[in-house]
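Enquirer: Before we start, here is the structure in question, set down as structure tokens.
The values are calculated or read from the model by the stated rules, or taken from the named source; none is laboratory data. Quick caveat: nothing in here was measured; it's all calculated off a predicted structure. For neighbour counting, all protein chains shown are included, and Cβ atoms are generated from backbone atoms with ideal geometry for every residue, glycine included.
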Amino acid sequence: MPWLLVGFAVIYYSLYATSGLNLGGEGGTAGVIAMRLMSGQRPIMDTFLGYNVLWFFPIAGIFEFTGPNYLVIRWYFFAFCTASGLLTYFLVHSYTRNAWYSAIPAVMVILVPGMMFRNYMPFLGILNAFLLTRAWVLMRGSVVKSFAWMLGAGAGIGITFLFRIDLGIFCTGIFLGLAVLYPFGETGNFFRRSRIALAGVVCGLLLAWAVHLPVWSDAKTRGYDRAFLEQYTGWLGMISAEFRHQVADLAASDKADGPPPVTQKPDRSPPAVARAASPAVPAVAERKPNADSWEDRGALRRTPLSDVVTSRNWSQKSFALSTYLPLLISAMAIIAGVIALLAALIRRDQAAKERALYPLTVLGCALALLPQFLFFRPDTPHLSEMMVPFTAALALLVWTGMQAGLAARGHGARIAGFGFAIFCAASAAIYFSHAFPKESAGSIAARKASAKPFSALNGVNVMVKDREALWLAGLRDAVLSHSRPGEYVLCLPYSPTINFLTDRPSPLFNLYVDNTTAGGHFAEDFSALMAQKKPPVVVIDQRRINRNEISRFSNWAPGPYQWLRENYVYWGRYFRTEIFVRPDKVSGPVIPEAVEVAD
């Protein structure tokens, strides 16, 4: 079965590996930052990462052999999609011992692997669930095997930290909680298992630290060690503050039909460039951020629960259901699972303890991905990341409910068991019906109507929709014809794929700039940037990056936008992307080109 799944994944992904191109997608970010690292720039100090170093180091290493290549990045992430499907299979099979049943959630994960170019996230959730269940939950006759899996779980946490610190923090909590439970539930072996657990925790966490040593050595050598460490305390403080605020305002936010107001996160990143004497932007009033506004936080508006009833569009209705059903199912599963776990511990029934704790552990690893979706970006792409490990948890809960129904003696208990199983299966089906047709969930929907070839630099050879090919070609040609290799091209607020496909560097320290991250001195920073870097081409994407009018560049940065209109040559508009060219790069009269396409 695993080989069948691998073969299926390779064939499936090959069908749309060259389909689609998202200028605001994270594939461009991965490529641009990897190229910066290849050129010798230091992580965090010279280029903002947003994530931790392993998010980009492997891509830079691959580029050393292949050269910067967009399709190489895609297949690299498809490999993680395949691995997530395989781990889902092994995770479910270890509990159910049924190959065909275990293949169902694995196939679902392969079909909808999550937002492309961020497939680390669901993979890390599945990986930690796989390692933690084997280290602390499954019964093993050999102490050596148990201890080896504990070390593996520690290494997995270390790797998780090096990709994404918040996930590492959450999974460490699960690791320690399982270690506390490990000695309980087996008659006469409490002290022996306590010693094993203590040794497993100490050695596992030491191994998690040891995984950091190669990166730490590089950080010390190149002088970004302090910045590397400050990431960890920064993330911990941010999670703590966010949690307190969410708990305090969750009830109020539901009534307000949006995510709770939260305090503005401090801008810990240095400005894009040092402020210096430069042409001042026009005196246009800049909108001041409101620290209590979810719009100014950069969060998307959470879909209201009422959409389940009021929406006539199945896509909106199924998204609302897929947003809130996991919360309900998780609450039900945790209550029932904790009761079953306590009963097993009281009876000292190790097998019953395993049956109760295994789904809870997988569910916990899936819920580690919940905060970024529910409280920050409640959209289909981030939902699809969480639902990869949650699909494995649903499969386990369906199986558990069916087994409970079959084993029940009373009519009511039998109905409850089968009813819960059907409820979980229906939730998985609703999510799949919503996500599979969505390109943003990483599925083959990217191939839909992509029949026109589009080529650019750095291995960008893809198929796009007919209506996209015209404006993409115009945008590419406008950038290439007005800039030379090595010259900066400034893309705001976030279109790093343009830098990658034109092989033109970005002058930005942080490739992502919107109304929430720009800070209160964006006008001054913009002036300094334009004076010092003098980019021959500036690209402005006028999309509502946070799905509200405030986040449209011309609305939150009217001064810099007006300065561009007055000091650069407006070359044209390609779909919703505007091109501004430095005057000395233009010869002859200019007739602005407009390639308008329905959004």
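Enquirer: Collect the residues in region 28-45 that are of a type outside the set (A, V, I, L, M), surrounded by fewer than 22 Cβ atoms within 10 Å (Cβ to Cβ) and farther than 17 Å from residue 513 by Cβ, keeping them in residue-number order.
Expert: 39, 40, 41, 42
Enquirer: Can you find a residue that is at pLDDT below 90, among the hydroxyl-bearing types (Ser, Thr, Tyr) and in contact with a helix residue (DSSP H, G or I) (Cβ under 7 Å, 6 or more places away or on another chain) anywhere in region 306-327?
Expert: Yes: region 306-327 contains one or more residues that are at pLDDT below 90, among the hydroxyl-bearing types (Ser, Thr, Tyr) and in contact with a helix residue (DSSP H, G or I) (Cβ under 7 Å, 6 or more places away or on another chain).
Enquirer: If I filter region 175-184 for residues that are within 20 Å of residue 237 (Cβ to Cβ) and modelled with pLDDT of 95 or more, do I get at least one hit?
Expert: Yes - at least one qualifying residue is present in region 175-184.
Enquirer: Report, by residue number, each residue of region 498-546 that is touching an Asp or Glu at 6+ places or on another chain (Cβ under 9 Å) and polar (S, T, N, Q).
Expert: Selection gives 515, 516, 517, 542, 546.
Enquirer: Determine, yes or no, whether residue 241 is surrounded by 13 or more Cβ atoms within 10 Å (Cβ to Cβ), at pLDDT 90 or above and in a helix (DSSP H, G or I).
Expert: Here the answer is no, as residue 241 does not meet what is asked.
Enquirer: Among the numbered criteria (1) touching a residue at least 24 places away in the same chain (Cβ under 8 Å); (2) surrounded by fewer than 22 Cβ atoms within 10 Å (Cβ to Cβ), which one does residue 131 miss?
Expert: So residue 131 meets the others, but not (2).
Enquirer: Given the conditions (1) farther than 18 Å from residue 478 by Cβ; (2) more than 25 Å from the chain's Cα centre (by Cα), report the number of the one that residue 581 does not fulfil.
Expert: If we test residue 581 against (1) farther than 18 Å from residue 478 by Cβ; (2) more than 25 Å from the chain's Cα centre (by Cα), just (1) comes out false.
Enquirer: In addition: List pairs: first residue in region 492-513 and in contact (Cβ under 8 Å) with a residue 60 or more places away in the chain and surrounded by 23 or more Cβ atoms within 10 Å (Cβ to Cβ), second residue outside any loop (DSSP other than H, G, I, E, B) and of a type in the set (Lys, Arg) anywhere in the structure, Cβ distance under 7 angstrom, at least six positions apart or on different chains.
Expert: If the second residue must be outside any loop (DSSP other than H, G, I, E, B) and of a type in the set (Lys, Arg), the pairs left are 501/476.
Enquirer: Hey, could you check region 534-558 for residues that are more than 24 Å from the chain's Cα centre (by Cα) and in a loop (DSSP other than H, G, I, E, B) and say which is nearest to residue 571 (Cα to Cα)?
Expert: For region 534-558, the residue satisfying everything is 536.
Enquirer: Taking residue 480, is it at pLDDT 95 or above, part of a helix (DSSP H, G or I), touching a Lys or Arg at 6+ places or on another chain (Cβ under 9 Å) and crowded, with 22+ Cβ neighbours inside 10 Å?
Expert: No; evaluated as a whole, the condition is false for this residue.
Enquirer: Pairs needed: first member in region 191-213, surrounded by 17 or more Cβ atoms within 10 Å (Cβ to Cβ) and outside any loop (DSSP other than H, G, I, E, B); second member anywhere, among the polar types (S, T, N, Q) and modelled with pLDDT under 95; C-beta distance under 8 Å; at least 6 residues apart or different chains.
Expert: The qualifying pairs are 196/146; 200/146.
Enquirer: What helices (runs of 4 or more DSSP H) completely inside region 61-170 contain at least 2 residues that are in contact with a Leu (Cβ under 6 Å, 6 or more places away or on another chain)?
Expert: Filter on region 61-170 gives 70-96, 120-136, 143-163.
Enquirer: Looking at 166, 225, can you tell me which residue is modelled with pLDDT under 95, acidic (Asp, Glu) and under 24 Å from the mean Cα position of the chain (by Cα)?
Expert: 166
Enquirer: Hey, can you tell me all the residues within region 183-227 that are within 20 Å of residue 158 (Cβ to Cβ) and aromatic (Phe, Trp, Tyr)?
Expert: 209, 216, 224
Enquirer: Return yes or no: is residue 443 within 30 Å of residue 390 (Cα to Cα), crowded, with 22+ Cβ neighbours inside 10 Å, in contact with a Leu (Cβ under 7 Å, 6 or more places away or on another chain) and among the polar types (S, T, N, Q)?
Expert: yes
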